[in-house]
Amino acid sequence: MRTIILFISLFIALSSTAQNKGVVKTTTIAVKGNCEECKKRIENAADIKGVKLAVWDEDAQAVTVTYKTDKVTLEQIEKAIAVSGHDVGDLKSNDANYNKLPDCCKYRDKKCELPKK
């Protein structure tokens, strides 16, 4: 009988701990870019601890991210993308990071001149 009570107590404790974990949230953030190369860079930049999925849409100029709120904040994700050279909403990437982008990815200056796939 003690074993059963101990088992049930342990199960309840583990269940309540699991329920306190962060919420998985999906949101869309405006991110500037031009091409498939930008898409890869933006999605890779957003791939930080706590982010489950990041998909950038060239037509919408936005990335949709699914992340765990107990592991990462939206602000951390935005900063990680901005460091890659891309403007994120009102957060502008610094000029040094922007200037490291390949010419076809410099969305502030011109549109991508490479043919789309």
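Protection proxy ranking for 61-74, 96-109, using the average of other Cβ atoms within 10 Å per residue and placing the highest first: 61-74, 96-109. Note: the stretch 18-105, Cα convex hull, 77 Å³ per residue. Label-to-label distance for residue 24 and residue 58 is 2.9 nm, based on points extended 7 Å past Cα in the beta-carbon direction. Label-to-label distance for residue 108 and residue 40 is 2.4 nm, based on points extended 7 Å past Cα in the beta-carbon direction. Rounded to 0.05, the FRET efficiency of the residue 69 and residue 94 pair, given R0 = 35 Å and the Cβ-Cβ distance, is 0.80.
Can you sort 58, 75 by how many other beta carbons sit within 10 Å, fewest first?
Taking fewest neighbouring Cβ atoms as first place, the list is 75, 58.
In order along the stretch 86-92, the phi-based Karplus estimate (6.51 cos²θ - 1.76 cosθ + 1.60, θ = phi - 60°) of 3J(HN,Hα) comes to 10, 6, 10, x, 7, 8, 8 Hz; Gly and Pro are listed as x.
Bear in mind these aren't lab numbers, they're just calculated from the coordinates by the rules spelled out. Please read all numbers here as calculations on a predicted model, not as lab measurements. Glycine gets a Cβ as well: all are built from the backbone with ideal geometry, and neighbour counts include every protein chain shown.
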